[in-house]
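The values are calculated or read from the model by the stated rules, or taken from the named source; none is laboratory data. All figures in this text were calculated on a predicted structure; none of them were measured in a lab. Backbone-built Cβ (ideal geometry, glycine too); neighbour counts: all protein chains shown.
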Amino acid sequence: EAERETIKKEYQDKEGEIISGLVQRVERGNVYVDFGKATGIMFYNETIPGEHYRAGERLKFYLLAVQEETRTPGLILSRNHPKFISKLFEMEVPEIQEGLVEIKAIAREAGSRTKIAAASNAENVDPIGALVGQRGTRVIAVTNELGNEKIDIVEYSDKPEKFVSSALSPAKINAVEILPRREARVFTLEDQLSLAIGKGGQNVRLAAKLTGWKIDVRSQSRPEEVQEGGVAEAAAAEAAAAEKET
């Protein structure tokens, strides 16, 4: 009983952190993980879509919670939680640990693409450069852990026009019109339109989720025309992503 309490306390202190363990087995899509003194479970809805788990493989996991009612403390794990990505960056980027750079927001469609908004708390530190690393070493280390999920890193701004425009990168935005009720109408050149909207509307959907703004992407040459897949609500963006995963 005393040992159980010690283990429970040890892992409760690690809730919201990354821990690594060995995959034991996969049953009905749920992944069982061995941590030596404790066992973890990653339920199917916390796995990364399309990722395959092999027994004996060592992986990193985000510790969601410690279950208390089981005989041995059970660890509830995730690899598709947005915070899994921010914690992976924290491990790779000393500037985050030192408080010089912070991740302000994350929008994620696990296994496919993630957008991160980063801000600098020091004048001479470039937040995007800090997360990318020299020759991309830091961002590559994170994507390798995720099975090559695409990661867009943009600079956070408290000016909505600037933040919405950055969030839609890699597309180049010509103008952002701020409308009532947290809605932004965005105008881009014809050749940037499909990039701004993204495949299946993914780019605008993630940008809406990242900024918390409804975004309506339009062509500058046809400003009155609503584009197919070009409108994403901040809350609906999450629902569409969830629907896509099921």
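Give Ser157, Ser166 a once-over and let me know the one that is over 20 Å from Val226 (Cα atoms), modelled with pLDDT of 95 or more and part of a loop (DSSP other than H, G, I, E, B).
Residue meeting the stated conditions: Ser157.
Conditions (1) closer than 20 Å to Val142 by Cβ; (2) of a type outside the set (Val, Ile, Thr); (3) under 18 Å from the mean Cα position of the chain (by Cα), marked per residue:
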site: Lys8; (1), (2), (3): no, yes, no
site: Gln24; (1), (2), (3): no, yes, no
site: Glu27; (1), (2), (3): no, yes, no
site: Phe35; (1), (2), (3): no, yes, no
site: Ile48; (1), (2), (3): yes, no, yes
site: Glu51; (1), (2), (3): yes, yes, yes
site: Ala55; (1), (2), (3): no, yes, no
site: Leu63; (1), (2), (3): yes, yes, yes
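Can you confirm whether Gly16 is in a loop (DSSP other than H, G, I, E, B), in contact (Cβ under 8 Å) with a residue 12 or more places away in the chain, of a type outside the set (Ser, Thr, Tyr) and assigned by TED's automatic domain parsing to the domain that holds Glu149?
So Gly16 does not fit the description; no.
If a residue counts only when it is in contact (Cβ under 8 Å) with a residue 24 or more places away in the chain, within 28 Å of Lys9 (Cβ to Cβ) and in contact with a strand residue (DSSP E or B) (Cβ under 7 Å, 6 or more places away or on another chain), which helices (runs of 4 or more DSSP H) contained entirely in segment 63-147 have at least 2 such residues?
Fully inside segment 63-147 and qualifying: 82-92.
Yes/no per residue for (1) within 19 Å of the chain's Cα centre (by Cα); (2) crowded, with 16+ Cβ neighbours inside 10 Å:
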residue: Glu98; (1), (2): no, no
residue: Ile103; (1), (2): yes, yes
residue: Ala122; (1), (2): no, no
residue: Pro127; (1), (2): yes, yes
residue: Arg138; (1), (2): yes, yes
residue: Thr143; (1), (2): yes, yes
residue: Lys150; (1), (2): yes, no
residue: Lys162; (1), (2): no, no
residue: Ser169; (1), (2): yes, yes
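For segment 105-120, give me each residue that is under 19 Å from Ser165 (Cα atoms), within 11 Å of the chain's Cα centre (by Cα) and of a type in the set (Gly, Ala, Ser).
Listed by number, the residues that qualify are Ala105, Ala107, Ala117.
Quickly run through segment 33-47 and pick out the residues that are crowded, with 19+ Cβ neighbours inside 10 Å and either part of a strand (DSSP E or B) or among the β-branched types (Val, Ile, Thr) (or both).
Answer for segment 33-47, where residues must be crowded, with 19+ Cβ neighbours inside 10 Å and either part of a strand (DSSP E or B) or among the β-branched types (Val, Ile, Thr) (or both): Val33, Gly40, Met42, Thr47.
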